[in-house]
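So the structure is just underneath, and the comments pick up after that.
The values are calculated or read from the model by the stated rules, or taken from the named source; none is laboratory data. None of these values were measured; they are calculated from a predicted model. Reconstructed Cβ throughout: ideal geometry from the backbone, glycine too, with neighbour counts over all protein chains shown. Protein only, heavy atoms only, side chains kept; ligands, DNA and RNA dropped before computing areas. Shrake-Rupley method; radii C 1.70, N 1.55, O 1.52, S 1.80 Å.
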Amino acid sequence: MENKNWKREKLRATQPFFVLSSDDFIQESYRQMGISHFYMIRKKKNTPLRAIPDGCIDFVFDYGDDGMKAFVRGTPLTLEHDLLTDATDIFGVRFLPGTHPTGLALRQRDLIGISHPLEKYYPESFDFKGLSERSEFLDRVRFFLKEYTRLEKKQPKPFGKEALFDAVCDIIYHADGQIRVSDLAVETSYSERYIRKVFMEEMGFSPKTFCNILRLQRAIEFINYGYDEKAADWATDLGYYDQSQCIRDFKHYLGMTPMQYKKLINECDYHKRAVYAHDIGLTL
């Protein structure tokens, strides 16, 4: 279902090729405890997924014939191919851009474009076996939330560099990437140099790159849900210097122009594929 309120809502970072490569895709926004949304993909074996930069960490659960395999994966910085080629039933949890999942013993910089076994870096108290026994989307969501809420309650509040990093990510996220590092310095009362240092230590890339990724994600969201407004200056409204800069970013990160991307999602019925649970009467 098309979302007419896309501009008034917080950015929900997306992986459009996950939707386009699936036979059955369902998702649900959450926006609590640092979680952006949940999703489930069912696809044919030997169908690879492609991933684009989104600034997020995903928990990915691959339900195969030999049991569930759990992974944690960070954002790529360029278009990636051949992900989860053999998987047929995938449940995912996408955290908000820049958010570090509670209890994860890895920094975001250690996850750029890389998958790690989640059980190796996650609390032993998390009931992976219980999650593996759930087959329906909402059952998986509810079970994950039960386990994650329990961990969240034990999480101490961030302080020092961690608190600054969280604050910077939050400011950038709410600005849709349309903010300068000099403005971040004014907002936080820390120097630009120190902000860059802390951000690089945690994220593995600069605040400017993070801004570029969120700006790209907002542009994708505009094409997905708001393009019928036919605004000639939509690229500059989203923070690009001009449409040429927007085209360059799309080619770099998606391997196609904005118009080629729009044609693709129209031809593949993206809106019909990207089903929200609440739109078909399923509620948490």
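So which of Leu11, Leu77, Leu83 ends up being in contact with a strand residue (DSSP E or B) (Cβ under 8 Å, 6 or more places away or on another chain) and not charged (D, E, K, R)? If you could, list the steps in order and put the result at the bottom.
Values: Leu11 fails: in contact with a strand residue (DSSP E or B) (Cβ under 8 Å, 6 or more places away or on another chain); Leu77 fails: in contact with a strand residue (DSSP E or B) (Cβ under 8 Å, 6 or more places away or on another chain).
Result: Leu83 is the single residue among Leu11, Leu77, Leu83 that is in contact with a strand residue (DSSP E or B) (Cβ under 8 Å, 6 or more places away or on another chain) and not charged (D, E, K, R).
Six or more apart or on different chains, Cβ under 7 Å: which pairs go from a residue in segment 177-198 that's without any contact (Cβ under 8 Å) to a residue 40 or more places away in the chain to one that's assigned to a loop (DSSP other than H, G, I, E, B)? Could you list them?
Ala185/Ser191; Arg196/Ser206
Report yes if some residue within segment 71-78 is under 27 Å from Ala163 (Cβ atoms), in contact (Cβ under 8 Å) with a residue 12 or more places away in the chain, surrounded by 22 or more Cβ atoms within 10 Å (Cβ to Cβ) and polar (S, T, N, Q); otherwise report no.
Yes, there is a match, as at least one residue in segment 71-78 is under 27 Å from Ala163 (Cβ atoms), in contact (Cβ under 8 Å) with a residue 12 or more places away in the chain, surrounded by 22 or more Cβ atoms within 10 Å (Cβ to Cβ) and polar (S, T, N, Q).
Just checking, how many residues over segment 84-109 are open to solvent by less than 30 Å² (accessible area, probe 1.4 Å) and either β-branched (Val, Ile, Thr) or not in a loop (DSSP other than H, G, I, E, B) (or both)?
Residues in segment 84-109 being open to solvent by less than 30 Å² (accessible area, probe 1.4 Å) and either β-branched (Val, Ile, Thr) or not in a loop (DSSP other than H, G, I, E, B) (or both): 9 in total.
When segment 110-123 is examined, which residues are found to be over 19 Å from Leu145 (Cβ atoms) and either part of a loop (DSSP other than H, G, I, E, B) or of a type in the set (Val, Ile, Thr) (or both)?
Residues satisfying the conditions are Ile112, Gly113, Ile114, Tyr121.
When residues of segment 119-149 are filtered for being out of contact with any helix residue (DSSP H, G or I) (no Cβ under 9 Å at 6 or more places or on another chain), closer than 30 Å to His278 by Cα and either modelled with pLDDT under 95 or aromatic (Phe, Trp, Tyr) (or both), how many remain?
1
Step by step: first the residues of segment 151-184, then only those that are part of a loop (DSSP other than H, G, I, E, B) and open to solvent by 40 Å² or more (accessible area, probe 1.4 Å), then the one that is nearest to Lys10 (Cα to Cα). Which residue is that? Don't jump to the end; show me each part of the working.
To start, the set of residues in segment 151-184 that are part of a loop (DSSP other than H, G, I, E, B) comprises 154-159, 175-180.
Add one more test, that the residue is open to solvent by 40 Å² or more (accessible area, probe 1.4 Å), and what stays is 154-159, 178, 180.
Numbers: Lys154: 27, Gln155: 25, Pro156: 26, Lys157: 23, Pro158: 23, Phe159: 25, Gln178: 14, Arg180: 19 Å.
Among those that are part of a loop (DSSP other than H, G, I, E, B) and open to solvent by 40 Å² or more (accessible area, probe 1.4 Å), it is Gln178.
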